[in-house]
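We did not get these values from a lab; they are worked out from the coordinates using the rules stated. Fair warning: this is a prediction, and the values are worked out from it, not measured in the lab. Methodologically, a virtual Cβ is constructed for each residue, glycine included, from the backbone with ideal geometry; neighbour enumeration extends over all protein chains shown.
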Amino acid sequence: MFWIHLLVVLVFIFIGARKGGIAIGFAGGAGVLALALLGAPVAVTKHTPDGDISYLPLDVIAIIMAVIVAIAAMQVAGGMDALVDLAERILRKNPKHLSFLAPVVTYFLTLMAGTGHTAFSMMPVITEVAKENDIRPSRPLSIAVVSSQIAITASPISAAVVFLSSTLEKEGIDYLQILAVTIPTTFVACMLTAAIMMAWDKMRGTTELHTLKIYQERKAAGLVAPTGRQEGREITWAGKRSVAIFLLGLLAVMAYSTAISDKVGLIKDPPMTRDAAIIAIMLTIGTAIVLTCGVEPGRILNSSVFKSGMSAAICVLGVAWLGTTFVKAHEDTIKEYAGSILTDHPWTLAIVLFVAASLLYSQAATTKALIPTALAIGVSPLAALASFAAVSALFVLPTYPTLLAAVEIDDTGSSKIGHYIFNHPFFMPGLIAIVLSVAFAFGLGAIII
């Protein structure tokens, strides 16, 4: 039944990926039902002597929801406009370094917010600055999108990092050590990727926009919008205040996580877990923004951040549940066939995570579905941490929302998707960045841990 169940998983993931968006979560739930009808025990709750273990990804979803509502409140207050305005000023003052600065901006926006959807707000700016300076938008856009995805594995409040830390702490690696490895390795990898891709473009002579035939054709047909700084973005004190409140909340999360760490030990008997603290602090941020920034709560529900975030939560619910149900139903078989390979060649875990993430479309869902199983079959905690960046392989199929948005926003035609699915401008930068991140993490992790 292993292969039949695997086929069911792949079919429903394919169905969800074809439709995109929240349909991925719907298809995941339908896949769980199909597995149940074929005799697979649905992973819901396991009773152990130490307490019940839930295999539904409800903890991950709760964190996603709490972080998203806090960011949505900041967006309604005008905080996202303030951040985008600051980022736009940085990019416009240094247009020659756009291919480096664009991924820096999206990386740190994601690092701070815990979601890659913040990249949506920067894509029009990146495209505009590229067009104004005769740069093909595909290069800075592709690296910026990849950086926003990989930064999830370095964000102190992302659901993927929080779940990984709760899992690895049982193996002796704490939250601070995880961040000490993931933040520098992923950031340096993204910057090196930008340098490699820029050098490759210069060697091929594909840097300048005016040399692109499709751009000339689209421009002649009037399909390329004129450039110019966007007007009408009003930066208010309420918006700036909301950013300050959110940053204070982020610092509070990191401070509390540090204080309860076994290696720091400032709080011996913490009143709540890190997961609970993140949820409580994020909801408190939302409360503070609503009370001090004049935000109407009803507007939060209609914000773009809230809608995309809730869609992501449903996707994680369906896909992670589907993946966990399959893995738990065939855990012994997976251990038998994959255990020796993964323990003898720990770097192959990165390949497994890479492939799984390209299908599951979620760093958190991939982490939740596979990292505990990898540790259970003998993969070392260091290898699990070093391979973690590979869960960001959401760029493989050209159907992920931020990738599609970048293609749509680039009206020059430089970011087009080829006929062979994988030949799009996001694949190589993403692959290089993940390979470098994993390689650096194995090296730095061995030193820190």
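Overview of results
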item: Highest-first arrangement of 70-78, 173-181, 272-280, 159-167, where packing means the average Cβ count within 10 Å; result: 70-78, 159-167, 173-181, 272-280
item: Rounded to whole Hz, the Karplus (6.51, -1.76, 1.60) HN-Hα couplings of segment 112-118, x for glycine and proline; result: 6, 8, x, 9, x, 5, 5
item: Sequence-distant residues sharing a close amide H with Ile135 (under 5 Å, placed H); result: Leu209
item: Spatially proximal lysines relative to Lys328 (Cα-Cα < 16 Å; intrachain offsets below 8 disregarded); result: Lys46, Lys368
item: Per-residue ³J(HN,Hα) for segment 407-412, Karplus 6.51 cos²θ - 1.76 cosθ + 1.60, θ = phi - 60°, Hz, x for Gly and Pro; result: 5, 5, 6, 6, 7, 7
item: Anisotropy class of segment 275-316 from Cα gyration tensor, a/c 1.5 cut; result: oblate
item: FRET efficiency, Val11 to Val42 (Cβ-Cβ, R0 25 Å, nearest 0.05); result: 0.90
item: Dimensionless Rg/Rh of segment 99-164 - Kirkwood Rh, Rg from C-alpha atoms; result: 1.05
item: Per-peptide average of other Cβ atoms within 10 Å, ordering 345-357, 193-205 highest first; result: 345-357, 193-205
item: Ordering of 212-224, 235-247 by packing [mean C-beta count within 10 Å, highest first]; result: 235-247, 212-224
item: Rounded, prolate or oblate (a/c below 1.5 giving rounded, otherwise prolate when a/b exceeds b/c) for segment 243-331 by Cα gyration tensor; result: oblate
item: Percent of C-alpha pairs per 10 Å bin, segment 346-449, short to long; result: 15, 42, 27, 13, 3
item: Gyration tensor (Cα) of segment 45-170, equivalent ellipsoid semi-axes in angstrom; result: 36, 15, 10
item: Residues listed by number, segment 23-42, amide nitrogen under 19 Å from Glu408 label point at 7 Å toward C-beta; result: 23-25
item: Using θ = phi - 60° and Karplus 6.51 cos²θ - 1.76 cosθ + 1.60, couplings along segment 265-274 (whole Hz; Gly, Pro as x); result: x, 5, 10, 6, 10, x, x, 8, 6, 4
item: Calculated diffusion of segment 212-289, Stokes-Einstein form, Kirkwood radius summed over Cα pairs, 4 °C and 1.567 mPa s, µm²/s; result: 78 µm²/s
item: Rounded to 10°, Cα long-axis angle of helix 363-376 versus longest principal axis of the chain; result: 30 degrees
item: Between 0 and 90°, nearest 10: helix 79-93 axis offset from the chain longest Cα axis; result: 50 degrees
item: Segment 301-363: C-alpha pair distances exceeding 12 Å, %; result: 75 percent
item: Geometric extent, Cα atoms of the chain - Rg, Dmax (angstrom); result: 21.8, 71
